[in-house]
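Heads up: the structure comes next, in structure tokens.
What follows draws every value from the coordinates through simple rules; no lab data is involved. As the structure is a prediction and not an experimental result, all values here were calculated from the model. Note that we place each Cβ from the backbone using ideal geometry, even for glycine, and neighbour counts take in every protein chain shown.
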Amino acid sequence: MKDVEAGVPVAERLYAEGSFLRPPLVQFYECDNVLIEGVTLENSPFWVIHPVLCNSLTVRGVTTRSHGPNSDGCDPESCRNVLIEGCLFDNGDDCIAIKSGRNADGRRVNVPTENVVVRNCQMRDGHGGLVLGSEISGGVRNVFLEDCVMSSPHLERGLRIKTNSVRGGEIHDIYVRNLTIGEVKDVIVINFYYEEGDKGDFDPTVYNIQVENLVCKKARRAFQIRGFERAPIRDLRISNSRIEHADSIGVIEEVTGLTVSQLSINGQLFQPG
């Protein structure tokens, strides 16, 4: 990361024996028409499935079971036209984390991840069920999640967008429907203060996020949603959803165009105030 920020050319970044870098378990790079189907992948040294700069990718009927450090289940990065369906994720980090490059390298390559469908998946342990970020400097758009089930006492967040003013990124047109969550720490998280927080010159741009027909049985917090005053989250819509028990509502700050319709929390209709 120091070499990236120092502008060292990619061809000169040589890290071989003795660098002790942990590789992903499966990584297709600049590939078209990729199918990963019907396999179980366990105990990865780093992210389990990490397609990079791929087009037309299908991950179907796959189980990822890995609880080591940073062991995300499936992380499409700067990919286009992605289908993830019928999978089981049981991980030590994010179950699905949609990415597009980190900081200066992400802005240099500047390829968003776009047109992603996630459906009929199960998420168990992990830091987050469906996550966007935090390596998201190239942006993410057109993500659709439907008919998924998340539940574990060790699942920390249901839906999560994580970035900051060092990462930046334009994130928009994210649609979630028919999501069932059993037990989770936070239901919906959009956090502009991840890791480095507000210490850079690249404000995130996050808008048009829609959540419909979400049911959660038990959570510590319903929301952890924090934009910047100068760059608020825009057009967040939550409808026809129910959180049966939440210890607290949590935080919603620096959001413009927040629309809530038929959302009940602890048995009462919720209206942001």
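What ranking of ASP75, ASP203 emerges when the number of other C-beta atoms within 10 Å of each C-beta is taken as an exposure proxy, fewest first?
The fewest-first ordering by Cβ neighbours comes to ASP203, ASP75.
What is the sum of charges around LEU88, taking Lys and Arg as +1, Asp and Glu as -1, for the other residues whose C-beta is under 10 Å from the C-beta of LEU88?
Local net charge: +1.
Could you run the Debye sum over the Cα atoms of segment 74-162, one equal point scatterer each and no solvent, and tell me log10 of I(q)/I(0) at q = 0.11, 0.20 Å⁻¹, two decimals?
Calculated log10 I(q)/I(0) at the listed q: -0.28, -0.85.
In deg cm²/dmol and to the nearest 500, what is the mean residue ellipticity at 222 nm of the chain if only DSSP H runs of at least 4 residues count, each as -39500 (n - 2.57), divided by the residue total?
-1000 deg cm²/dmol
Give me the net charge of CYS54's neighbourhood, meaning all other residues with Cβ under 13 Å from the Cβ of CYS54; Lys, Arg count +1, Asp, Glu -1.
Every neighbour counted, the sum reads -3.
When you count, for each residue, the other Cβ atoms within 10 Å and take the mean per peptide, how do 131-141, 52-62 rank with the highest first?
Order by mean packing, descending: 131-141, 52-62.
If I model a spin label as a point 7 Å beyond the Cα along the Cα-Cβ vector, how far apart are those points for GLN268 and ALA16 in nm?
For the pair GLN268/ALA16, the computed spacing is 6.6 nm.
Specify, per residue and in Å³, the volume enclosed by the convex hull of the alpha carbon atoms belonging to the chain.
Hull volume normalised by residue count: 113 Å³.
Which order do VAL10, VAL184, VAL82, VAL117 fall in if you start with the one that has the fewest other Cβ atoms within 10 Å?
The order, fewest Cβ neighbours first, is VAL10, VAL117, VAL82, VAL184.
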